[in-house]
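J.: Below is a structure I'd like to ask you about.
The values are calculated or read from the model by the stated rules, or taken from the named source; none is laboratory data. This structure is a prediction, so every number in the text was calculated from the model and none was measured. Glycine gets a Cβ as well: all are built from the backbone with ideal geometry, and neighbour counts include every protein chain shown. Areas reflect the complete protein model, heavy atoms only, side chains present, ligands, DNA and RNA absent. Shrake-Rupley method; radii C 1.70, N 1.55, O 1.52, S 1.80 Å.
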Amino acid sequence: MKDRVYSEKMDSVERFRFNASVVDVFPDMINRSVPGYETMIGFSGIIADRYIQPQTNCYDLGCSLGASSFAIANHVNHFDYSIIAVDNSPEMTERFAKIKQRQITTVPIDIRCMDVMDTDINNASFAVMNFTLQFIAPELRDEIIKKIYAGLNPGGALMLSEKIIFDSEKEQSFIEQNHYAFKKSNGYSELEISQKRTALENVLIAETISEHIGRFQRCGFAEAYKWYQCLNFVSFVAVKK
Ligand code: GEK
């Protein structure tokens, strides 16, 4: 279904929430808003395949409708492991469960409606957190990354994808203009782009690449690499030694 959530002029724009109207259009919304989304999701499976071990857990934190879980389950289907997919929006997890019923996967996917801050992470060989840390309060971000680190087995990895900002004002403005052009070329109007930006203010709080790399190091990850960037969207892999 086509995303028209912000297409009509609103008297006041409410804070962005992952509610039923967003869930209905979510795949279209994220594809038309996040450059490189399909690539990063596809690579979740390819990268997961290097780390997932038999009889371990793979976590999809902030799973939405399960795009990363399905990419992993369809690509890494030669091992006995479980996917635990977590999201705190009941509308998202209910819809994901319905989609899952229609898909054939050889790997069990346990969908949990809960906050990632309250999720136990254990016996993990891989965790993916695609575009979700950005919605968690900055003061809680070290805590969740430390918890993922503690729950990973040695040799395990975290894939983290995020929207980012830049230290240089010029670079920020250059990239933002290109992101705006990307959204316009995908059919969003100026009104839609501006109302969505208002809705996301203080909800999606992006950080710089060096803030992310610094956090990985602080939280214990010996190795952390940015493996992908398209404009202001990046993806990292951090490995526990
Ligand atoms: C994808 N990974 O398709 N605990 C659990 N879930 C949360 C929390 C939290 N504290 N905060 C936000 N969420 C997906 C896309 S979307 C990204 C992820 C986007 C959930 C929220 O309900 C939403 O489903 C998801 O994180 C973020 O690759 O829409 O830009």
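J.: Return the total of residues in the stretch 72-89 being open to solvent by less than 20 Å² (accessible area, probe 1.4 Å) and not polar (S, T, N, Q).
T.: Let us first name the residues in the stretch 72-89 that are open to solvent by less than 20 Å² (accessible area, probe 1.4 Å), namely 72-73, 76, 81, 83-87, 89.
Retained after the next criterion (residues that are not polar (S, T, N, Q)): 72-73, 76, 81, 83-87.
Here the count works out to 9.
This table checks each residue for (1) more than 13 Å from the ligand (Cβ to nearest atom); (2) not aliphatic (A, V, I, L, M).
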position: ASN74; (1), (2): yes, yes
position: TYR81; (1), (2): yes, yes
position: ILE84; (1), (2): no, no
position: PRO90; (1), (2): no, yes
position: GLU94; (1), (2): no, yes
position: ARG102; (1), (2): yes, yes
position: PRO108; (1), (2): yes, yes
position: ILE111; (1), (2): no, no
position: ASP120; (1), (2): yes, yes
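J.: If you don't mind, there's one more thing I want to ask. In the list LYS163, LYS184, which residue meets the criterion of being surrounded by fewer than 18 Cβ atoms within 10 Å (Cβ to Cβ), at pLDDT 95 or above and basic (Lys, Arg)? Give the steps one after another, and end with the answer.
T.: Values: LYS163 fails: surrounded by fewer than 18 Cβ atoms within 10 Å (Cβ to Cβ).
Of the residues listed, the single one that is surrounded by fewer than 18 Cβ atoms within 10 Å (Cβ to Cβ), at pLDDT 95 or above and basic (Lys, Arg) is LYS184.
J.: Would you mind stating whether PHE79 is in a helix (DSSP H, G or I), within 22 Å of ALA124 (Cβ to Cβ) and aromatic (Phe, Trp, Tyr)?
T.: Details: in a helix (DSSP H, G or I): no; within 22 Å of ALA124 (Cβ to Cβ): yes; aromatic (Phe, Trp, Tyr): yes.
Criteria not met by PHE79.
J.: Hey, another quick one. Might you let me know whether the stretch 48-63 holds any residue that is closer than 24 Å to ASN232 by Cα, within 9 Å of the ligand (Cβ to nearest atom), assigned to a loop (DSSP other than H, G, I, E, B) and touching a residue at least 12 places away in the same chain (Cβ under 8 Å)? Write out each step before concluding.
T.: The first filter runs over the stretch 48-63 and keeps only residues closer than 24 Å to ASN232 by Cα, leaving 48, 60-63.
Keeping just the survivors that are within 9 Å of the ligand (Cβ to nearest atom) gives 60-63.
From what's left, assigned to a loop (DSSP other than H, G, I, E, B): 62-63.
Among the residues that remain, those that are also touching a residue at least 12 places away in the same chain (Cβ under 8 Å) are: 62-63.
For the stretch 48-63, residues closer than 24 Å to ASN232 by Cα, within 9 Å of the ligand (Cβ to nearest atom), assigned to a loop (DSSP other than H, G, I, E, B) and touching a residue at least 12 places away in the same chain (Cβ under 8 Å): present.
J.: Given the criteria farther than 18 Å from SER235 by Cα and near the ligand (Cβ under 9 Å from one of its atoms), does VAL22 qualify? Steps first, answer last, please.
T.: Numbers: farther than 18 Å from SER235 by Cα: yes; near the ligand (Cβ under 9 Å from one of its atoms): yes.
So VAL22 passes the test.
J.: When the residues of the stretch 188-197 are filtered to those that are over 17 Å from GLN134 (Cβ atoms) and open to solvent by 50 Å² or more (accessible area, probe 1.4 Å), which remaining residue is nearest to the ligand (Cβ to nearest atom)? Before you say what the answer is, go through the steps one by one.
T.: At the first step, the residues of the stretch 188-197 found to be over 17 Å from GLN134 (Cβ atoms) are 188-195.
Narrowing the set further to residues that are open to solvent by 50 Å² or more (accessible area, probe 1.4 Å) leaves 190-191, 194.
Numbers: GLU190: 21, LEU191: 20, SER194: 18 Å.
By that ranking, first place goes to SER194.
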